[in-house]
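Just below is one structure, and these are the notes that go with it.
The values are calculated or read from the model by the stated rules, or taken from the named source; none is laboratory data. Treat the numbers as computed from the prediction; the structure is a model and nothing was measured. Counting neighbours? That spans all protein chains shown, and the Cβs are built from the backbone with ideal geometry, glycine included. Note: accessible area is taken over every heavy atom of the protein model, side chains too, but ligands, DNA and RNA are not part of it. Shrake-Rupley method; radii C 1.70, N 1.55, O 1.52, S 1.80 Å.
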Amino acid sequence: MNIVGLGSAGCGIADRFGEHEQYKTYKIDSDTYTEQLNYFQLKRQDSFQKYENQTYDLKDYFKNISDEVYFAVAGSGDTPGATLWVLEQLKKHYPNVLYMRPDIELLNVEGELKERLLRGVLQEYARSAAFNRIYLVDNAIVENFLGDIPVTKYYDSLNDIIVSTLHMINVFENSSPLIGSLQKPQTCNRIATFGVADLESGEENLFYSLDLTRERCYYYAINKARLEKDGTLIKKIKNQVKSKIQENLRVSYGVFPTEYEQDYVFCKAYTSQIQLQKD
């Protein structure tokens with residue numbers, strides 16, 4: 001799988017994915033990095049619009065991409081102005097977009113307008129099937145998982161949660177569950193998010209407050225020894241999944257063995273509805 005990161009936030013996500021051998025990373029930014037491996041440097045500009053109008057031919061840069069692509073970008077700063085022309089050069093790979101929404105309360109008026117514009121345009125493109133799907137992540141929500149951390153580790157910790165969660169979901173989507181069946185999302189539901197849930201209570205914590213969810217998938221990552229010994233577990237999981245079923249909401253699940261001591265539940269949610277939250 002390939003991860004293309006645009007801007008400092010997108011490159012930070014790419015760096016975290018690059019720690020796993022399953023991913024090949026590509027980074028695009030205007031900063032100068034000491035490590036130049038798979039890095040394409042843009043000429044620095046002073047506005048969102050100038051990055052949008054400044055285009056490069058990335059054919060050679062992307063020439064080794066041959067399978068699934070995730071394009072990571074955050075809705076803040078000026079560099080994301082390059083988003084659409086970069087995606088245009090990835091369109092034959094039908095990429096997924098991973099969009100990180102910054103904490104809106106900390107943006108100025110201009111920053112809010114740029115964020116809202118980019119988020120809206122990318123969702124429209126996703127609905128029109130210009131690319132495969134957009135995954136929305138709200139940094140202000142993910143921040144709730146961080147606890148107390150030093151300022152210098154804030155973004156690394158934020159990226160760790162986002163990447164580790166999506167990575168585990170990717171692993172399970174390429175594995176066969178011991179029980180359950182994960183439904184393939186309907187083609188109309190191209191706007192999505194992901195997150196975690198509690199095995200005992202069933203409480204969910206999605207990384208974006210998604211309106212009008214039409215599909216949910218649950219990935220139960222259970223310690224192998226517990227799967228072999230706990231006779232109550234399957235009933236608990238089935239009852240939990242059944243409790244999620246609602247009218248106009250498709251629900252599916254899979255149970256996967258792990259060597260982790262702790263059990264985890266990951267989830268994805270899908271909709272066809274453009275998310276218009278302004279605050």
Relative frequency of Cα-Cα separations exceeding 28 Å in the chain, percent
37 percent
If you put +1 on each Lys and Arg Cβ and -1 on each Asp and Glu Cβ, how big is the dipole of the chain around its Cα centre, in Debye rounded to 20?
1180 debye
Sort 245-253, 124-132 by packing, meaning the average of other beta carbons within 10 Å per residue, with the highest value first.
124-132, 245-253
With no solvent and one point per C-alpha, what does the Debye sum give as log10 I(q)/I(0) for the stretch 169-279 at q = 0.12, 0.15 Å⁻¹?
-0.42, -0.64
Could you pull the accessible area for residue 20 with a 1.4 Å probe, rounded to 10 Å²?
60 Å²
Rounded to whole Hz and in sequence order, give me ³J(HN,Hα) for the stretch 55-71 from the Karplus expression 6.51 cos²θ - 1.76 cosθ + 1.60, θ = phi - 60°, writing x for Gly and Pro.
10, 10, 8, 9, 4, 5, 5, 9, 5, 8, 6, 9, 9, 4, 10, 10, 10
For the pairs 27/50; 91/244; 153/235, flag any whose C-alpha to C-alpha distance is greater than 30 Å.
91/244; 153/235
Do any GluC sites (Glu not before Pro) in the stretch 6-110 lie in a DSSP loop with no more than 16 other beta carbon atoms within 10 Å, and if so, which?
19, 21, 35, 68
May I ask for the Rg/Rh ratio of the stretch 11-165, computed from Cα atoms with Rh as the Kirkwood radius, given to two decimals?
0.94
Segments 69-77, 134-142 sorted - mean Cβ within 10 Å per residue, highest first:
69-77, 134-142
Across every pair of different alpha-carbon atoms, what Kirkwood hydrodynamic radius in Å does the stretch 1-92 reach?
13.2 Å
